[in-house]
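Trainee: Sharing a structure here in C-alpha cells format.
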Amino acid sequence: MQTTKTKAIDCTHFIDGAYVQSNNGKAFENVNPATEEVLGTVAEGGKEEVDKAVCAARKALKGEWGNMPLKKRSNIIRKIGDLILERKEELAELESLDTGKPLWLSNKVDIDRAANNFYFFADYMTTVGTEAYQQDDIAIHYAVRRPVGVVGLINPWNLPLFLMTWKLAPALAAGNTAVMKPSEVTPMTATVLAEICKEAGVPDGVVNMVHGFGETGAALSSHEDVDAIAFTGETVTGTAIMKAAAPTLKKLSFELGGKNPNIIFADADLDDVIETTIKSSFINQGEVCLCGSRIYVERSAYDEFLERFAEKTKELKVGDPFDPNTNVGALVSEEHYNKVVSYLDIAKEEGGTFLTGGKPAEGFDKGFFVEPTIITGLGSDARCVREEIFGPVVTVVPFDTEEEVLEQVNDTHYGLSASLWTSDIKRATRFSGQIEAGMVWVNTWFLRDLRTPFGGMKRSGIGREGGAHSFDFYSELTNITLKM
Ligand code: NAD
C-alpha cells in the first residue's frame, strides 16, 4: 500500500568516521509497523563496538575538534542543520517507515525541528559566557567552561531524529564528542545523521553511533571512559542506567515517562480546548511524552466537552502513514501495540466505558493500528489513569473544585508536563504554580521556545534541557582565582 521515493536502508554502526558492521556479524531485522514488512537489517552492537566507539570519541577530543575555533565549530553545526533540510524528504520518509507516524507529521515536526536544534545551538554557543567576581582588592574569580568529554546519547523511538538532535546539537556546541545509541526500533534516521555530520565537516571520531538493544545502552552507561549519559526513555530504564552509571559517577540527564494531566475549567474557550485536546491526545498516535493522557473537566462543562471531543475524535482517520489524509498512523511495534491493547482490556476490567475506540482499528490485515480511544467512568486508582500507556488512549474525569482536581493532578509519581485551561488569570497563576510538573502550558500545549527549561520532576526526569540548561549539562566549569 505504501509508495515512497526513498528506499529503506540497512543500518550499521558509525565509528571513527566509517560505517561498520559488528565484529561478530550479528544483526537483527527492522520491521515496518504499518505493513509488518522487513525494512532491512540493523547491526547489533555489543561491548566491543561500544568500546571502539568510546575510544574513537576519546581520541577525537584531543584532536582538531578540541582545538577548533568557536566560529568554525558553530558553522559546522549550522551546516548539519542545512544538510538535514536538504535531505528532508528522504529523512521524513525514513522516519515514517520506521515509526508508522504520518509523513506530514515527520516533515512538519521531526525533520524541521531536528534542523532547528542545530541552528539554535549554533547561534547559542556563540553567546554563552560564564561568571566572574571581584572580591574587593583581594582576588578576581572567574569560571572557564570546558566540555564534559565523551557523552553517551541514548534515545527512544517516538521522535527519533528530533530527540537525538536535541542532545547531539548542544553536546557538539559545547565541544564534546559523542556516542549515539538510537532505539533499536527506529534506527534509520540516526544512521543518515552520522553521514550528514561527516559531510558537514565534523572530524572523524567526534560523532559515533552504536546500534543495538538495551544491552548496548547498558554497556555505554557503565563504560569507564564515558563522562556523561543523556537519556530519554522509560522511567524503569532510567533506574537501570542510574545503577549502571553509579560506579563511575557519570553526569546524568534523564527525560523520562509521563502521565500528564489536562485540566479544563468551565470558563475556558471550549473551541480552543477541543482543537488542542485532539492534538494533545492523539498526535503521533499518542506516542509523545508530553501527551495529555489524563483529562480533568469541570463538571458544568463535562457533558458538552465529552460530546464535542468524541465527535472530533471519531473524525480522525487512522491509516497509512503515507496517505496525506491520515491523522493517526501505526503504533511503533508489535510489542508496543500489544501493550496498548492490553490496557484497553484493563480499562474494561476496571469498569471503564469507551466513548470512542477501545479496540484495534478495523480494515487492516497487517500493521499495528489502534482506534483513538476515550475512556470515562474510571476512578483515580484505575491503572489506566495512573500508568503511562503511551498510545492513543485518554481518560476523562469530571471535577467540582480546584482543591479536588489539584489533589488528583499531583497524585502521581510522574511530573513531566500539564496543560491548564481557564480564562481566569488569577486562577491560572494560582493553579499553575501548584502543579508538580516541569512544564505547565496555560491555554495551549507543546508550545516550545528552545531557550526555556525542558524536563520533568519526580520520576519524570533529572535535570533540564534547553538553552543554558543544556549547556550546563554538557560543560564543566573550572573556577580560577587570581590573587591581586
Ligand atoms: P526505553 O526506555 O525502553 O528505551 C529507550 C532507549 O534506552 C532505547 O535506545 C533502548 O535500547 C535503551 N535501553 C533499554 N534498556 C537499557 C538499559 N538497561 N541501559 C541503557 N539503555 C537501555 O523507552 P522507549 O520505549 O524507547 O520510549 C518510550 C518512553 O520514552 C516513554 O516512557 C516516554 O514517556 C519516554 N519519553 C520521554 C521523553 C521526555 O522528554 N521526557 C521524550 C520522549 C519519550
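The values are calculated or read from the model by the stated rules, or taken from the named source; none is laboratory data. These numbers come from a predicted model, not from an experiment. Neighbour counts run over all protein chains shown; Cβ positions are idealised from the backbone, glycine included.
Trainee: Of the residues that sit in the stretch 249-263 and are within 11 Å of the ligand (Cβ to nearest atom) and outside any strand (DSSP E or B), which one is surrounded by the most Cβ atoms within 10 Å (Cβ to Cβ)? If you could, list the steps in order and put the result at the bottom.
Mentor: The first filter runs over the stretch 249-263 and keeps only residues within 11 Å of the ligand (Cβ to nearest atom), leaving 253-260.
Subsequent filtering for residues that are outside any strand (DSSP E or B) retains 256-259.
Numbers: 256: 26, 257: 24, 258: 30, 259: 23.
Filtering the stretch 249-263 for residues that are within 11 Å of the ligand (Cβ to nearest atom) and outside any strand (DSSP E or B), the one surrounded by the most Cβ atoms within 10 Å (Cβ to Cβ) comes out as 258.
Trainee: Considering only the stretch 74-81, I want to know if a residue exists there that is part of a helix (DSSP H, G or I), among the hydroxyl-bearing types (Ser, Thr, Tyr) and farther than 15 Å from residue 329 by Cα. Outline the logic, then answer.
Mentor: Keep residues of the stretch 74-81 that are part of a helix (DSSP H, G or I), which gives 74-81.
Checking which are among the hydroxyl-bearing types (Ser, Thr, Tyr) leaves us with 74.
With farther than 15 Å from residue 329 by Cα added as a condition, the list becomes 74.
Yes, the stretch 74-81 contains a residue that is part of a helix (DSSP H, G or I), among the hydroxyl-bearing types (Ser, Thr, Tyr) and farther than 15 Å from residue 329 by Cα.
Trainee: Restricting attention to the stretch 458-467, does a residue exist that is outside any loop (DSSP other than H, G, I, E, B), of a type outside the set (Lys, Arg), surrounded by 13 or more Cβ atoms within 10 Å (Cβ to Cβ) and without any contact (Cβ under 8 Å) to a residue 60 or more places away in the chain?
Mentor: Of the residues in the stretch 458-467, the ones outside any loop (DSSP other than H, G, I, E, B) are 458-462, 465, 467.
Narrowing the set further to residues that are of a type outside the set (Lys, Arg) leaves 460-462, 465, 467.
Applying the additional criterion that residues be surrounded by 13 or more Cβ atoms within 10 Å (Cβ to Cβ) yields 460-462, 465, 467.
The next check asks that each one be without any contact (Cβ under 8 Å) to a residue 60 or more places away in the chain; those that pass are none.
Scanning the stretch 458-467, I find no residue that is outside any loop (DSSP other than H, G, I, E, B), of a type outside the set (Lys, Arg), surrounded by 13 or more Cβ atoms within 10 Å (Cβ to Cβ) and without any contact (Cβ under 8 Å) to a residue 60 or more places away in the chain, so the answer is no.
Trainee: Considering only residues of the stretch 288-305 that are surrounded by 18 or more Cβ atoms within 10 Å (Cβ to Cβ) and more than 22 Å from residue 411 (Cα to Cα), which is farthest from the ligand (Cβ to nearest atom)?
Mentor: That would be 301.
Trainee: Just to be sure, is residue 237 within 18 Å of the chain's Cα centre (by Cα), within 8 Å of the ligand (Cβ to nearest atom) and surrounded by fewer than 24 Cβ atoms within 10 Å (Cβ to Cβ)?
Mentor: Yes: the conditions hold for residue 237.
Trainee: Quick one: in the stretch 172-192, which of the residues that are closer than 17 Å to residue 60 by Cβ and more than 15 Å from the chain's Cα centre (by Cα) is farthest from the ligand (Cβ to nearest atom)?
Mentor: 175
Trainee: Can you confirm whether residue 377 is on the phi > 0 side of the Ramachandran plot, modelled with pLDDT of 95 or more and either over 22 Å from the mean Cα position of the chain (by Cα) or acidic (Asp, Glu) (or both)?
Mentor: yes
Trainee: Any residue that is within 16 Å of the ligand (Cβ to nearest atom), under 26 Å from residue 110 (Cα atoms), part of a helix (DSSP H, G or I) and among the hydroxyl-bearing types (Ser, Thr, Tyr) - is there at least one of those in the stretch 155-171?
Mentor: Taking every residue of the stretch 155-171 in turn, at least one turns out to be within 16 Å of the ligand (Cβ to nearest atom), under 26 Å from residue 110 (Cα atoms), part of a helix (DSSP H, G or I) and among the hydroxyl-bearing types (Ser, Thr, Tyr).
Trainee: Determine, yes or no, whether residue 232 is in contact with a Cys (Cβ under 9 Å, 6 or more places away or on another chain), touching a residue at least 60 places away in the same chain (Cβ under 8 Å) and of a type in the set (Ser, Thr, Tyr).
Mentor: Yes: the conditions hold for residue 232.
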